[in-house]
Amino acid sequence: MELLSLSAVELGAAIREGKATAPEAMEAVLGRIEEREEALRCYITIDKEKALERAVEVQRRIEAGELTGPLAGVPMAVKDNLCTAGMRTTCASRMLGNFVPTYTAEALRNLERAGAVIIGKTNMDEFAMGSTTETSAYGATRNPRNTEHVPGGSSGGSAAAVAAGECFFALGSDTGGSIRQPASHCGVTGMKPTYGTVSRFGLVAYGSSLDQIGPLGRTVEDCAAALEILAGAGPRAGQGEAASRDMSGEGGGSPQGTLPGRKDSTYLYRKDTDFTSALKKDVAGMRIGIPRDYFGRGLAEEVRDSVRAAAELLGRKGALVEEFDLSLVEYAIPAYYTIAAAEASSNLERFDGIKYGYRADDAQELHRMYKETRSEGFGPEVKRRIMLGSFVLSSGYYDAYYLKALRVKAMIREAFARAFARYDCILGPVAPTTAPRLGESLSDPLKMYLGDIYTISVNLAGLPAISVPCGEDGNGLPIGLQLIGDCFQEKKILRAAYSYEQFRKDGRGEVPGDGG
């Protein structure tokens, strides 16, 4: 059996049935990493010894009947902004280059309890600020489909690792498209759940009202299975308590700002998390809306054609597909970057060289130490967003920029609410183009920001969305299809995404996104 050709769920089944073992799967993945990592640079930290020890222990528990879940024994990767006890969490920044947390992020703990085995921490844009994984202090990750191109970002290391067969599934975080966009660029599947569905405890905050953890996998089924586990009620979940009070600014013992053992107000307890039950090859009667606003100027012709072909396929299979005007799309980018930068400037204030992380040498006075530590510890893109956020929150500009952006955010949420009164899900592109060449985006930050035009509205409204491969451009670079659902309606988009994936598989004789 060629283990690296299997999806995460297929591998989990093979391990449960005794056709493979967790240590064999881990050895296979580590062998692939040995072959490809030097060229791709998907990981920042890999702990081979601990990963193999954990695989042996998980295998023992599987054979004893203690672990029976779909992902038990499956090797996985973790974006390097999720805290891992005893393993470096750097956020791809010099500022946290030596930081080793004392606890593990709650989402990751859920997966560990289910038997998933961590390989290591994946590369990312510094503090998740970027769309190409080029702002990392540890060097750029390259796209496995074409190493002259970026993998997208900020979860580019996770997406590239899945696409390259350097893990079977991975965790990312999505603040404005940072799971879906790299999934699209690398030809894998990535899902952002409804805000509050997955605990943010242990996720180093960028924009607290926007961040959400989600899975990347080779198939829709992989993402659904992982999301079921991620959304499980952990020991810090406030039962029945809405994720209404953000704790990302409290405390001071860790970059997250929360203290272990407290109720987790970043998490909304849900009972409808049996997401794999939605994986049915049937879209008959589903109402799918296509925003005309998403198909205007700036969208590459090959992307437009692939997304429209996907919509036509769903229509032929029984879905009711029609175009409509979503409106407010042109206001999403300025509103998003105003809010995200404001929250980033507040969240990153705690990185001052005092409590943890990097500290500048030879600074003899406190304020100079602050200044030199932050000047040396943060990269250019992080500094740019901190300065922008500080500006929009400053006296005299707060009302003119930040409050106005919050009003636009509310209007975008209302526009989506009107759309979902008519449609089960919304269909569109993930990104206006396929993956750009290395270096193209960093030379023009505004162009990089505009690349998020189809994804950021989802975060502003707190909605769930998924990216599924739907084609390639003339250079063989992947194109992603985005399906957006109403709040807490992950099952609808999973049903549509799974159906599309299976219809496309029937026509092509292969599983989309299989990067093995």
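Scanning the stretch 121-136 for residues that are assigned to a loop (DSSP other than H, G, I, E, B) and acidic (Asp, Glu), we see that the one that is least open to solvent (accessible area, probe 1.4 Å) is ASP125.
Can you confirm whether ARG422 is in a loop (DSSP other than H, G, I, E, B), basic (Lys, Arg) and at pLDDT 95 or above? So ARG422 passes the test.
Here are some residues: GLU323, GLU302. Which one is more than 24 Å from SER154 (Cβ to Cβ) and free of Cβ contacts under 8 Å to residues at least 60 places away in the same chain?
On the way: GLU302 fails: free of Cβ contacts under 8 Å to residues at least 60 places away in the same chain.
GLU323 is the lone residue from the list that is more than 24 Å from SER154 (Cβ to Cβ) and free of Cβ contacts under 8 Å to residues at least 60 places away in the same chain.
Suppose the filter is surrounded by 13 or more Cβ atoms within 10 Å (Cβ to Cβ) and under 30 Å from SER499 (Cα atoms); does THR373 pass it? Against the criterion (surrounded by 13 or more Cβ atoms within 10 Å (Cβ to Cβ) and under 30 Å from SER499 (Cα atoms)), THR373 does not qualify.
Kindly establish whether ILE456 is under 30 Å from VAL382 (Cβ atoms), β-branched (Val, Ile, Thr) and open to solvent by less than 30 Å² (accessible area, probe 1.4 Å). Criteria met by ILE456. When residues in the stretch 340-389 are screened for being of a type in the set (A, V, I, L, M) and under 26 Å from the mean Cα position of the chain (by Cα), 9 of them pass. Number of residues in the stretch 182-203 that are aliphatic (A, V, I, L, M) and open to solvent by 10 Å² or more (accessible area, probe 1.4 Å): the value is 0. You will find that of ALA140, ALA233, ALA225, the residue that is within 24 Å of GLY12 (Cβ to Cβ), at pLDDT 95 or above and either open to solvent by 10 Å² or more (accessible area, probe 1.4 Å) or outside any loop (DSSP other than H, G, I, E, B) (or both) is ALA225 and no other.
Out of everything in the stretch 22-67 that is outside any helix (DSSP H, G or I) and touching a strand residue (DSSP E or B) at 6+ places or on another chain (Cβ under 7 Å), what residue ends up being least open to solvent (accessible area, probe 1.4 Å)? Before the answer, list the steps.
Restricting attention to the stretch 22-67, the residues satisfying the condition of being outside any helix (DSSP H, G or I) are 41-47, 64-67.
Pick out the ones that are also touching a strand residue (DSSP E or B) at 6+ places or on another chain (Cβ under 7 Å) and you get 42-47.
Numbers: CYS42: 0, TYR43: 22, ILE44: 31, THR45: 24, ILE46: 57, ASP47: 52 Å².
Among those that are outside any helix (DSSP H, G or I) and touching a strand residue (DSSP E or B) at 6+ places or on another chain (Cβ under 7 Å), it is CYS42.
Here are ILE118, ILE179: which of them is under 21 Å from GLY480 (Cβ atoms) and either open to solvent by 10 Å² or more (accessible area, probe 1.4 Å) or of a type in the set (A, V, I, L, M, F, W, C) (or both)? Sole residue among the options that is under 21 Å from GLY480 (Cβ atoms) and either open to solvent by 10 Å² or more (accessible area, probe 1.4 Å) or of a type in the set (A, V, I, L, M, F, W, C) (or both): ILE179.
Please indicate, with yes or no, whether at least one residue in the stretch 182-199 is part of a loop (DSSP other than H, G, I, E, B), more than 24 Å from THR338 (Cα to Cα) and over 15 Å from the mean Cα position of the chain (by Cα). No, every residue in the stretch 182-199 fails to be part of a loop (DSSP other than H, G, I, E, B), more than 24 Å from THR338 (Cα to Cα) and over 15 Å from the mean Cα position of the chain (by Cα).
Just name the residue that is surrounded by the fewest Cβ atoms within 10 Å (Cβ to Cβ) out of those in the stretch 329-370 that are in a helix (DSSP H, G or I) and among the basic types (Lys, Arg). Outline the logic, then answer.
Taking the stretch 329-370 as the starting set, the residues that turn out to be in a helix (DSSP H, G or I) are 329-350, 366-370.
This time we only want the ones that are among the basic types (Lys, Arg), so: 350, 368.
Values: ARG350: 19, ARG368: 12.
Top of the filtered list is ARG368.
Identify, please: which residue in the stretch 70-100 is assigned to a loop (DSSP other than H, G, I, E, B) and open to solvent by 10 Å² or more (accessible area, probe 1.4 Å) and is, among those, farthest from THR133 (Cα to Cα)? This residue is PRO70. Close Cβ contacts (under 7 Å, 6 or more residues apart or on different chains) running from residues in the stretch 5-21 that are open to solvent by 20 Å² or more (accessible area, probe 1.4 Å) to residues that are not in a loop (DSSP other than H, G, I, E, B) comprise LEU6/ALA14; VAL9/GLU221; VAL9/ASP222; VAL9/ALA225; ARG16/ILE62; THR21/ILE15; THR21/GLN59. Number of residues in the stretch 440-472 that are within 17 Å of the chain's Cα centre (by Cα) and of a type in the set (A, V, I, L, M, F, W, C) equals 9. When the stretch 459-485 is filtered for residues that are part of a strand (DSSP E or B) and surrounded by fewer than 24 Cβ atoms within 10 Å (Cβ to Cβ), the ones remaining, listed by number, are GLY471, GLU472. When the test is whether a residue is touching an Asp or Glu at 6+ places or on another chain (Cβ under 9 Å), assigned to a helix (DSSP H, G or I) and farther than 30 Å from ALA311 by Cβ, GLU381 passes it.
The values are calculated or read from the model by the stated rules, or taken from the named source; none is laboratory data. Owing to the predicted nature of the structure, the values given are computational and were not obtained by experimental measurement. Here the Cβ is made from the backbone with ideal geometry for all residues, glycine too, and neighbour counts use every protein chain on show. We work out accessible area using only protein heavy atoms, side chains counted, and drop any ligands, DNA or RNA first. Shrake-Rupley method; radii C 1.70, N 1.55, O 1.52, S 1.80 Å.
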